[in-house]
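Asks: One structure is given below, represented as structure tokens, and several questions about it will come after.
The values are calculated or read from the model by the stated rules, or taken from the named source; none is laboratory data. All values reported here derive from a predicted model rather than from experimental measurement. Here the Cβ positions follow ideal geometry from the backbone for every residue, glycine too, while neighbour counts run over all protein chains shown. Accessible surface is based on the protein model in full, side chains and every heavy atom, while ligands, DNA and RNA are left aside. Shrake-Rupley method; radii C 1.70, N 1.55, O 1.52, S 1.80 Å.
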Amino acid sequence: MLETLICALFTILPDYLYRRFRQGKRIGIEINLFSVWYELRWGITGCAIMALTVITTLFYFHPATNSVVSYFRTVTILPQTGGRVLEIYVKNNELVNLGQPIFRLEDHSQRAQVEAAKAMIAEADASLKVAQTDLTEAIASIAGATAALRQAEEELERNVTLRDQGSTAVRLAEIDRFENLVAQRSAQRDAAIAQQAETQERIDSLIPAQKDNALAQFDAANAELEKTVVYAGVTGRVEQLSLQVGDYISPVLRPAGVLVPVTSGRSRFQAGFNQMAAQVIKPGMIGEIGCMTKPFTVIPMVVVAVQDVIPSGQVRPSDRLLDPQNNQQPGSIMVYLEPLYDGTAEALPPGSNCIANVYTDNHERLEDESLSTPHKIALHVIDTIGVVHAAGLRLRLLLMPVQTLVFSGGH
């Protein structure tokens, strides 16, 4: 509409003024409802051609779209294990911080496992103390067996010496008795040494392994106990939390609610443009958006990235061959927009539905002295008609509340 009015100023209006004041034709007589086409045919034809040219140039070099959304992610609130809800710590629409507990499940069996693991750790510690006492006893037994063996060896050596000297005070039976006593006490010492080695092995290997096993079971039981408390994985706002104390919840049944991160979807917008804009929109281009959530406000934006694939071409392996004829709806060019100035889009809630314009800027190209004059004029015209598109965006924002609230029935 705006483009047609502007084109009419340079075509229909001069044609009408020429026929009205130069040729003297009068409105309602020579120029009437039936003769207007014939009388103003050159102006109307010129206006139509110019309007089509301007509109085509405008929408090609300054793309516009009604599909602008600030997408945001959600985090599902789910326990890692099933159980009945014992306590709920938060409410719907409440802001929670990272690591803050949300609800707790019944944990009787998990606590029992923790206590059992603690008992195993205490048992291992007690076994270590007993083994250390046994080691002390074994060392004392070795010392006693060594002393008794030395005494028996001395008695045997004394009797053997007397026998060799021909003394009649020594009997052979006594020598045999001392030899047996030496062998007996030597075996006792070897048994005490073996007992020490066995006790030392228990202290060095067996009991530490038992304690490590108990500690591992304690850690596993603690991990299972911690699973009964569901914590916030991110800082965000709790939504759709419909739990009640006593409800049974499981990871495979249903989520407990949704957590919306406070930073997700803020100050970043995704816009879907027609595929004709694929060769026009580039990172760094300046644009503008206007949203229903903040009417009458134009927010300057900058293109930060352009998705290099078109979503409608996505395929998944299946048992059917693709038929391009079934792809009737052309996909969009996904463009990522961010505010040109910090803080200008903070008031827009994530998920806002907006409209956007992106403007081609040929300022740097116009500095090239090798460009011909017609080329420079064309670039100037392209940059200038972007003002028309900017005015159109503002006009649409002015009419958006009326169109939404009145003509759409408030939807």
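Asks: For Gln329, are the conditions met, namely being without any contact (Cβ under 8 Å) to a residue 24 or more places away in the chain and under 16 Å from Asn66 (Cβ atoms)?
Replies: Yes, satisfied.
Asks: Now for a different question. Any idea which of Ala391, Ala378 is assigned to a helix (DSSP H, G or I), at pLDDT 85 or above, more than 29 Å from Phe269 (Cα to Cα) and open to solvent by 20 Å² or more (accessible area, probe 1.4 Å)?
Replies: Ala378
Asks: Starting from region 132-146, take each residue that is over 10 Å from Gln196 (Cβ atoms) and list its partners that are part of a helix (DSSP H, G or I) and among the hydrophobic types (A, V, I, L, M, F, W, C), counting only C-beta distances under 8 angstrom and pairs at least six apart or across chains.
Replies: Partner pairs satisfying both residue conditions: Gln132/Ile203; Gly144/Ala192; Ala145/Ala191; Ala145/Ala192.
Asks: Suppose we filter Leu398, Leu322 for residues that are without any contact (Cβ under 8 Å) to a residue 40 or more places away in the chain and either touching a strand residue (DSSP E or B) at 6+ places or on another chain (Cβ under 8 Å) or farther than 30 Å from Val54 by Cα (or both); which single one remains?
Replies: Step by step, each of Leu398, Leu322 is checked, and only Leu322 is without any contact (Cβ under 8 Å) to a residue 40 or more places away in the chain and either touching a strand residue (DSSP E or B) at 6+ places or on another chain (Cβ under 8 Å) or farther than 30 Å from Val54 by Cα (or both).
Asks: Please go through (1) without any contact (Cβ under 8 Å) to a residue 40 or more places away in the chain; (2) surrounded by 13 or more Cβ atoms within 10 Å (Cβ to Cβ) for Ala345 and return the number of the only condition it doesn't satisfy.
Replies: (1)
Asks: Please go through region 200-236 and give me each residue that is exposed (fewer than 14 other Cβ atoms within 10 Å of the Cβ) and either within 30 Å of Pro349 (Cβ to Cβ) or touching a strand residue (DSSP E or B) at 6+ places or on another chain (Cβ under 8 Å) (or both), ordered by number.
Replies: none
Asks: Might you check whether a residue that is open to solvent by less than 50 Å² (accessible area, probe 1.4 Å) and outside any helix (DSSP H, G or I) occurs anywhere in region 312-324?
Replies: Checked region 312-324: no residue is open to solvent by less than 50 Å² (accessible area, probe 1.4 Å) and outside any helix (DSSP H, G or I).
Asks: Additional query: Of these, Ala169, Ala119, Ala183, Ala187, which one is assigned to a helix (DSSP H, G or I) and modelled with pLDDT under 80? So that I can check it myself, show each step before the final result.
Replies: Working: Ala169 fails: assigned to a helix (DSSP H, G or I); Ala119 fails: modelled with pLDDT under 80; Ala187 fails: modelled with pLDDT under 80.
One residue alone meets the criteria, Ala183.
Asks: Tell me which residues, restricted to region 348-370, are part of a loop (DSSP other than H, G, I, E, B) and open to solvent by 20 Å² or more (accessible area, probe 1.4 Å).
Replies: Correct list: Pro349, Pro350, Gly351, Thr360, Asp361, Glu367, Asp368, Glu369, Ser370.
Asks: Here's a check for you: in region 119-131, which residue that is surrounded by fewer than 15 Cβ atoms within 10 Å (Cβ to Cβ) and touching a residue at least 40 places away in the same chain (Cβ under 8 Å) is nearest to Ser186 (Cα to Cα)? So that I can check it myself, show each step before the final result.
Replies: As a first pass, look at region 119-131 and keep what is surrounded by fewer than 15 Cβ atoms within 10 Å (Cβ to Cβ): 119, 122-123, 125-126, 129-130.
If we keep only those that are touching a residue at least 40 places away in the same chain (Cβ under 8 Å) too, we end up with 123, 125.
Working: Glu123: 36, Asp125: 34 Å.
Among those residues, the one meeting the criterion is Asp125.
Asks: In region 240-293, how many are open to solvent by less than 40 Å² (accessible area, probe 1.4 Å), more than 19 Å from Leu58 (Cα to Cα) and part of a loop (DSSP other than H, G, I, E, B)?
Replies: Selection size over region 240-293: 8.
Asks: For region 294-309, enumerate the residues that are closer than 29 Å to Leu397 by Cα and either not aliphatic (A, V, I, L, M) or not in a strand (DSSP E or B) (or both).
Replies: Lys294, Pro295, Phe296, Thr297, Pro300, Gln307
Asks: Let me ask another. Inspect region 83-97 for any residue being part of a strand (DSSP E or B), in contact with a Leu (Cβ under 7 Å, 6 or more places away or on another chain) and open to solvent by 70 Å² or more (accessible area, probe 1.4 Å) and give the result as yes or no.
Replies: Within region 83-97, one or more residues are part of a strand (DSSP E or B), in contact with a Leu (Cβ under 7 Å, 6 or more places away or on another chain) and open to solvent by 70 Å² or more (accessible area, probe 1.4 Å).
Asks: Further question: Can you confirm whether region 294-308 contains a residue that is loosely packed, with under 10 Cβ neighbours inside 10 Å and out of contact with any Leu (no Cβ under 9 Å at 6 or more places or on another chain)?
Replies: Yes: one or more hits.
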